[in-house]
Amino acid sequence: MANFDFLRSEFGSRHTGLKAISIWLRRRLPTGLYGRSLLIIILPMVLLQTVVAAVFFERHWQLVTSRLSDAVTGDIAAVVELLEDMPPGSNYARLISIARTDLNLTISIEEGGKLPPVQHKPFFSLLDEVLSQNISEKIRKPFWVDTFSDPKRVDIRIKLGDRVLKVSVDRYRTYASNSHIFLVWMVSTSLVLITIAILFLRGQIRPILTLAKAAESFGKGQKIPGYVPRGADEIRRAGLAFLLMRERIERQLEQRTAMLSGVSHDLRTILTRFKLQLALAGDHPDLKPLHQDIEDMQTMLEGYLDFARGEVAEDAAEVDLDEMFSRLQYEAELHGRSLDYEIEGGGRIVVKPNAFSRLVSNLAGNARRYANHLTIKAVHSEKWLTVTFDDDGPGIPAETREDVFKPFFRMDEARNLDASGTGLGLTIARDIARAHGGNVTLGDSPLGGLRAVIKIPL
């Protein structure tokens, strides 16, 4: 049982570590399709290049360098054997000539010489390591090697009793110096292929970005003219599906708007007849309730027409928030109410002018009707517009704040957000906000009343 608990705790700690690594990678990896596609292309190519380079250095470069160094070491060993058979002070001209002509080695003999001090080896010294190992195994004499002072030559010195043999040999005889050509070709080819892949990928990503922009604009109630699906077959099918969906939604909105407008217009005609008949009947006290019913029906029809007008297509245009709020402030003063407003950021925004004006007027008019003071604060950031309405009225209970957005919902207590009594006031407001891609929410105001917040993307 103890072993099982240990394994479970060990597995849990590893799972937590893997989860932390996964979260760390998600936060640092690109989130866009273009960036992730580049990673899918570049990472395998980089890994392949790394593996190929490692295998090349391990199998080819090191093997060739070892064999070249081994051949040079064998030539030097032959010179050492000949030199050991010659007594000190001999004439070495014949030996030097043979080494130069037959072995391609430049040698000299120094009587009573000493080996130079050991030099610091470079970090990457494959030639130094291989050559030193070969000299140690074949010649077995004290030696000194310099492989990096001269880029074209290798200097070797071997201690032979009181004499020092100095050998200078071309670097290409001991080292696979042209191996970098393979790496240059490999890296250059990879860069060309990556460049071609990036250009091709950009052409494939652009239609997706255009489709996303068209869908986002449609969600905000705007329409991109001249959108045509392009790109691969799958992207074209997605674009055609979006166009068909947009047409169906627009057709349904037009049908609903036409139906509401037609019904409201027909009922208004009948109400006009009722008014005319009551006017001809005179001012009899028994007819007063009928007059009130007709006025209520007229008010309800006006609400229906406002709801229908909210669905009418409208082009986006620039709106001045300062001018709009100033008009609301003037209307509040006419009704004996106070209104203060504040604008942070730019005061000019691009929205549907009539619809947005109806949205703001609806919320401000409701506050004016049930509160003495209203504060409006508009925050215009780079991507969002947030307009907050705070009043000191009776407010709305938290449990009914979502219900008031339902069509034809009317409250029995506190305050009624729909002046017409039809229950369409906040429905119209939220529909307008959502037609802009945003929303309207309700909450508690620091002034003690209701807080209404409009938040729409720009």
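The values are calculated or read from the model by the stated rules, or taken from the named source; none is laboratory data. None of these values were measured; they are calculated from a predicted model. For neighbour counting, all protein chains shown are included, and Cβ atoms are generated from backbone atoms with ideal geometry for every residue, glycine included. What goes into the accessible areas is simple: the full protein's heavy atoms, side chains included, and nothing from ligands, DNA or RNA. Shrake-Rupley method; radii C 1.70, N 1.55, O 1.52, S 1.80 Å.
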> Looking only at the stretch 345-359, which residues have a backbone nitrogen under 17 Å from a spot 7 Å from the Cα of TYR330 in the C-beta direction?
Replying inline: 357-358
> By its C-alpha gyration tensor, with a ≥ b ≥ c as the square roots of the eigenvalues, how is the stretch 230-364 shaped: rounded for a/c under 1.5, else prolate for a/b larger than b/c, else oblate?
Replying inline: oblate
>> I'd like the orientation of helix 33-55 relative to the chain: the angle between its Cα long axis and the longest Cα principal axis, in ° from 0 to 90, rounded to 10.
In response: 10 degrees
> THR106 to GLU234: FRET efficiency via 1/(1 + (r/R0)^6), r the Cβ-Cβ distance, R0 60 Å, to the nearest 0.05?
Replying inline: 0.30
> Ignoring ligands and nucleic acids, what accessible area does LEU280 show with a 1.4 Å probe (Å², nearest 10)?
Replying inline: 140 Å²
> For the stretch 249-293, which semi-axes, largest first and in whole Å, follow from the square roots of 5 times the eigenvalues of its Cα gyration tensor?
Replying inline: 35, 9, 4
> When the C-alpha atoms of the chain are aligned to their principal axes, what extent does each axis show, in angstrom, from largest down?
Replying inline: 153, 58, 52
> Rg(Cα) of the stretch 198-249 divided by 2.2 N^0.38 Å?
Replying inline: 1.15
>> Roughly how far apart, in whole Å, are the Cα centres of the stretch 256-290 and the stretch 327-366?
In response: 33 Å
>> Relative contact order for the chain: what percent, with Cα pairs under 8 Å and sequence separation of 6 or more?
In response: 10 percent
> What order do VAL404, VAL184 take when sorted by accessible area (1.4 Å probe), most exposed first?
Replying inline: VAL184, VAL404
>> If you filter the stretch 222-254 for trypsin sites (Lys or Arg not before Pro), then keep DSSP loop positions with at most 16 other Cβ within 10 Å, what is left?
In response: LYS223, ARG230
> Can you list the HN-Hα couplings for the stretch 381-389, worked out from phi with the Karplus curve (6.51, -1.76, 1.60; θ = phi - 60°), rounded to whole Hz and with x for Gly and Pro?
Replying inline: 9, 5, 10, 9, 10, 10, 10, 10, 10
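Given a 1.4 Å probe and heavy atoms of the protein chains only, how would you sort TRP185, TRP384, largest accessible area at the top?
Result, largest first: TRP185, TRP384.
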> Roughly how tilted is helix 180-219, in degrees to the nearest 10 and between 0 and 90, from the longest Cα axis of the chain?
Replying inline: 0 degrees
> Roughly how many Å² of ASP283 are accessible to a 1.4 Å probe, to the nearest 10?
Replying inline: 150 Å²
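Determine the gain in length on full extension of the stretch GLU295-ASN354; use 0.36 nm per residue of separation and subtract their C-alpha separation, reporting nm with one decimal.
Going from the current span to full extension adds 18.6 nm.
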> Average projected area of the Cα convex hull of the stretch 220-275, in nm²?
Replying inline: 5.2 nm²
>> Quick check on the chain: helices-only [θ] at 222 nm, where DSSP H runs of length 4 and up contribute -39,500 (n - 2.57) each and the sum goes over total residues. Nearest 500, please.
In response: -19000 deg cm²/dmol
>> If I fit a long axis through the Cα atoms of helix 353-370 and take the longest principal axis of the Cα atoms of the chain, what angle between them do I get, 0 to 90°, rounded to 10?
In response: 60 degrees
> How much net charge surrounds LEU240 when only the other residues with a Cβ under 15 Å from the Cβ of LEU240 are counted, with Lys and Arg +1 and Asp and Glu -1?
Replying inline: +2
>> Rounded, prolate or oblate, given the Cα gyration tensor of the stretch 326-411, with a/c below 1.5 counting as rounded?
In response: oblate
> Quick one: putting +1 on the C-beta of Lys and Arg, -1 on the C-beta of Asp and Glu, what dipole do you get for the chain around its Cα centre, in Debye to the nearest 20?
Replying inline: 1740 debye
> Quick one: what does P(r) look like for the stretch 180-291 with 5 Å bins over all Cα pairs, in whole %?
Replying inline: 2, 9, 11, 10, 8, 7, 7, 6, 6, 6, 6, 5, 4, 3, 2, 2, 2, 2, 1, 1, 1, 0, 0
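How do the peptides 137-146, 334-343 rank, highest first, by the average count of neighbouring beta carbon atoms within 10 Å per residue?
Top of the packing list down: 137-146, 334-343.
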> Dipole of the stretch 232-381, Cα-centred, from +1 at each Lys and Arg C-beta and -1 at each Asp and Glu C-beta, to the nearest 20 debye?
Replying inline: 340 debye
> PHE182 versus GLN252, label points 7 Å from Cα toward the beta carbon: distance in nm?
Replying inline: 6.5 nm
> Which order do LYS406, LYS352 take by accessible area at a 1.4 Å probe, largest first?
Replying inline: LYS406, LYS352
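Expressed in nm², what is the orientationally averaged projection area of the convex hull enclosing the Cα positions of the stretch 64-197?
The directionally averaged projection comes out at 9.7 nm².
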> Which value, in Å² rounded to 10, gives the accessible area of ARG100 with a 1.4 Å probe and all protein chains present?
Replying inline: 130 Å²
>> Could you give each residue of the stretch 255-266 its phi-based ³J(HN,Hα) in whole Hz, using Karplus coefficients 6.51, -1.76, 1.60 with θ = phi - 60°, and x for Gly or Pro?
In response: 5, 5, 5, 5, 5, 5, 5, x, 5, 5, 5, 5
> In debye, nearest 20: dipole of the stretch 317-416 around its Cα centre with unit charges on the Cβ of K, R (+) and D, E (-)?
Replying inline: 380 debye
>> Run the reach check for LYS406 against aspartates and glutamates, Cα to Cα strictly under 15 Å, same-chain hits fewer than 8 apart removed. What comes back?
In response: ASP418, ASP431
